[in-house]
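Okay, so here's the structure we're looking at.
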Amino acid sequence: MKTPEPFKIKMVENLNRLSKQQREKKIKKAGYNVFKLRSEDVYIDMLTDSGTSAMSDKQVSRMIETEQAYAGSDSYYDLKKTVEDIFCFERFLVVHQGRGAENVLYSVILDEGDYVPNNMHFDTTKANVKHKGGTPVNLVIDEAYDPEKKLDFKGNMDTEKLKSLIEEKGPENVPIIMLTVTNNTGGGQPVSMENIKEVSKIAKDHDIPFFLDACRFAENAYFIKKREKGYGDKSIREITREMFSYADGFTFSAKKEGLVNIGGLLGIRDEELHLKCKNLSIIIEGFPTYGGLACRELSAMAQGMREVIKDGYQEYRHQQVKFLGDELLDRDIPLIEPIGGHAVFVDAKRFLPDIPQKHFPAQALTTELYKEAGIRGVELGTSAFGETDEEGNIVPAEMENMRLAVPRRVYTINQLRYVAESLKEIFDERHNIKGMKRTYAPELLGHFTAEFKPIG
Ligand SMILES: *Cc1c(COP(=O)(O)O)cnc(C)c1O
């Protein structure tokens, strides 16, 4: 690794490692759904990079120093200064996490029957749009669906598809255009500055507000720095400021690049829209200077955002994720390529070609990895993104992945190598893996609580 960790370890959390027999019992009891495992029964937890970052000593000390107040805490003003500095947004609301921002925003701007374009909706954004009677539409470039196609900016939106959608449905039925940076669902793939600019222009031409789903804004900025012409000498902060300059607003889960365990933001430039969202937010999230969080969380978020835009941190972060990807590719494991910013996505269609998607191959792989090695990934395939038709048949998702998210500043290179070696052992014995039958799933965000049984 070229850039070693730009930190040293001050405190550790000891890990628990169960035997394979113990894990077999645990996963069966969990209905073969890793969301239902107790985390103490997991050895390496790659379920998500959300809310699982290691905090810095500065974040923790700011949490203790800050005042706890219902209104006007210094933590809010520290956060406000940071949001103004990094995103150049004067108006924003604090929310308890990303989906809180989505709920407030879509409650205010969506009418029944509206369409919401995005490069690709994340599970919570898709569910929030549907919950308000809207239709989420994914308009990412076609190449995003080809896991082997190597492109620098595979998260870009297809702007021709966007123009056709607006023309077909009418701009009055498209109340917002979203762009997710980086594209989590599609493999953590970045969006180029050129694409952000173009989408923003189309939005402006039709008088439609343009919002970024900005959970991983700095990881996206780093990709722009490395891959897009003209940005090599710019800092992450400068690139971030330019990205946000094209947006009318943003949703942000601080559980990702706020480097905190909980929190989120909803940025809005328009005064009137901000006021409407603020009034609703007071009812469902909390007073604007705390937004459903303890004030100490705001302090940690502000400090985390200042740390996440450091070029040295991003350099280390990207190399860490790429290390895991390269170790897996060296062992012939089929992945979405190129490797994304926060996770490695294992292509279950190619890993388990004999299991049809209606038997949830990515789910089968995820449970197998836990059983064999105590590693927890997550299914992002037909369980998370598939549909059920009117006759109750399963309509498969376009992509069938197991995501191994890399929590920030948490695992060492040795631990990541263990993940690669474990998955290789499963790959060599993959013909023994059976598909799954789903025995329970609610209508929205079904994968969190679904239950399964191995077939045969
Ligand atoms: C995590 C995430 C969200 C939702 O944020 P939460 O804090 O989990 O509610 C929305 N969009 C994307 C792209 C995400 O990764």
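With the simple spin-label model, which puts each label point 7 Å out from Cα in the Cβ direction, the K197 to K453 separation comes to 5.8 nm.
Potential lengthening of the chain between L275 and E90 amounts to 65.3 nm, from the contour at 0.36 nm per residue minus the alpha-carbon distance. Summarising the strand pairing of the chain, around 65 percent of its internal DSSP beta bridges are antiparallel.
One Cα centroid belongs to segment 139-155, the other to segment 412-439; the line between them spans 25 Å.
Net length available on complete extension from I283 to E143 is 46.2 nm, with 0.36 nm assigned per residue and the Cα-Cα distance removed.
So if I take the centroid of the Cα atoms in segment 192-261 and the same for segment 331-376, what is the distance between those two points in Å? Taking the Cα centre of each part, segment 192-261 and segment 331-376 sit 29 Å apart. For segment 57-308, the convex hull drawn through the C-alpha positions has a volume of 115 cubic angstrom per residue.
Size of the chain from its Cα atoms: along the principal axes, largest to smallest, the extents are 59, 55, 45 Å.
Remark: spin-label model distance K25-D332 equals 3.7 nm, labels positioned 7 Å along the Cα→Cβ axis.
Between segment 55-131 and segment 1-38, the alpha-carbon centres lie 29 Å apart.
Coordinate-derived values only; no laboratory data. Note that the coordinates shown come from a computational prediction; the quantities given were computed from them, not determined experimentally. All Cβ positions, glycine included, derive from the backbone under ideal geometry; neighbour counts span all protein chains shown.
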